[in-house]
Amino acid sequence: MEWVRGQDAVFSNCAKPGTMPAAAQAGWSTALRQDRAYQIAAAKFYALNLDGAIADFVVIGKDKTSPWSRWSEYLAARAEVRKAANTGKTADYGELANFDMDGLKAAQTRLLKLEQETKDAEVRHASAAELGFVDARLEPAKRLDQVSRTTIRGVPPVLKPMLIRTVSMINSTTTSSCRASSSVSDSTPFINGHAFSIKGMATPSRELNTHVNTRIVQSASELRRAC
């Protein structure tokens, strides 16, 4: 029941300021005390006490017996990204969010170090995804090139010419600073048209069509998010 009360307190901070989980008591089991430390850090994250959340996640990471230790550096980086979003220049309605670049660089450094050091496949996967989000804002032209190359590499040879044309079109309509974000967005029908035209080919299977469709849409989605 104490764990449930802690979770209720965590979730009370999701949409508006809520309450913090109560501090762990001396008589609690080690597992419950470790869970409570994570719950408090998570509640601070949702309540936008991001410096507090970062500090708590770092402490959790030092307790190697905690089941939450493996995620601590990743979650600290997530908190740094959230802080960068909250401290960036306010955007007008309809405009894309601004991020504090120094804050993003701190998260990038933490994520790169984590990718190099962790042997946990799940943590590495999550870190790579978050790092892609950060890189797209710090170095949009470089990230665009990475996404383009990854898209091409993951497709069978028979379909590479079509994808090369698609990716080349995306690259040509997007500036290095991603100021031409509307061009990328407007290219979606073109991309989808190429993807759906695969269905008329004799060689690819339905599964292959789905695979390629998914890769194109995911890549285009990431590029739009970066712009």
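Give the Rg (one decimal place) followed by the Dmax (whole number) of region 2-138, computed from C-alpha coordinates and expressed in Å.
In Å, with Rg to one decimal and Dmax whole: 15.8, 52.
Rounded to whole Hz and in sequence order, give me ³J(HN,Hα) for region 104-110 from the Karplus expression 6.51 cos²θ - 1.76 cosθ + 1.60, θ = phi - 60°, writing x for Gly and Pro.
After applying 6.51 cos²θ - 1.76 cosθ + 1.60, I find 5, 5, 5, 5, 4, 4, 5 Hz.
Check each of the trypsin sites (Lys or Arg not before Pro) in region 1-93 and keep only those in coil by DSSP with at most 10 other C-beta atoms within 10 angstrom; list them in order.
On the way: sites: Arg5, Arg33, Arg36, Lys44, Lys62, Lys64, Arg70, Arg78, Arg82, Lys83, Lys89; in loops: Lys64, Lys89.
In loop regions of region 1-93 (DSSP not H, G, I, E or B), the sparsely surrounded trypsin sites (Lys or Arg not before Pro) are Lys64, Lys89.
Find, among the chymotrypsin sites (Phe, Trp or Tyr not before Pro) in region 1-79, those assigned to loop by DSSP (not H, G, I, E, B) with at most 15 other beta-carbon atoms within 10 angstrom.
Working: sites: Trp3, Phe11, Trp28, Tyr38, Phe45, Tyr46, Phe57, Trp68, Trp71, Tyr74; in loops: Trp28, Trp68.
Of the chymotrypsin sites (Phe, Trp or Tyr not before Pro), the ones in loops of region 1-79 whose Cβ has at most 15 other Cβ atoms within 10 Å are Trp28.
For a quick check: sort Ser69, Ser127 by the number of other beta carbons within 10 angstrom, fewest at the front. Kindly include the intermediate steps, with their values, before the conclusion.
Working: Ser69 16, Ser127 24.
If I rank by nearby Cβ atoms, fewest first, I get Ser69, Ser127.
Arrange Glu122, Glu80, Glu130, Glu2 by Cβ neighbour counts within 10 Å, fewest through most, would you?
Ascending Cβ contact count within 10 Å gives the list Glu122, Glu2, Glu130, Glu80.
Cut-off is 10 Å between beta-carbons; in what order do Met20, Met101 appear when sorted fewest neighbours first? Provide the component values of the computation, followed by the final result.
Working: Met20 17, Met101 12.
Ascending Cβ contact count within 10 Å gives the list Met101, Met20.
Work out from phi, with θ = phi - 60° and the Karplus expression 6.51 cos²θ - 1.76 cosθ + 1.60, the ³J(HN,Hα) of each residue of region 9-23, listed in order in whole Hz, and give x for Gly and Pro.
Each residue's phi maps through the Karplus curve to give 5, 4, 6, 5, 9, 5, 9, 7, x, x, 10, 8, x, 5, 5 Hz.
Read-outs: derived from the displayed coordinates by stated rules, not from any lab. This structure is a prediction, so every number in the text was calculated from the model and none was measured. Here the Cβ is made from the backbone with ideal geometry for all residues, glycine too, and neighbour counts use every protein chain on show.
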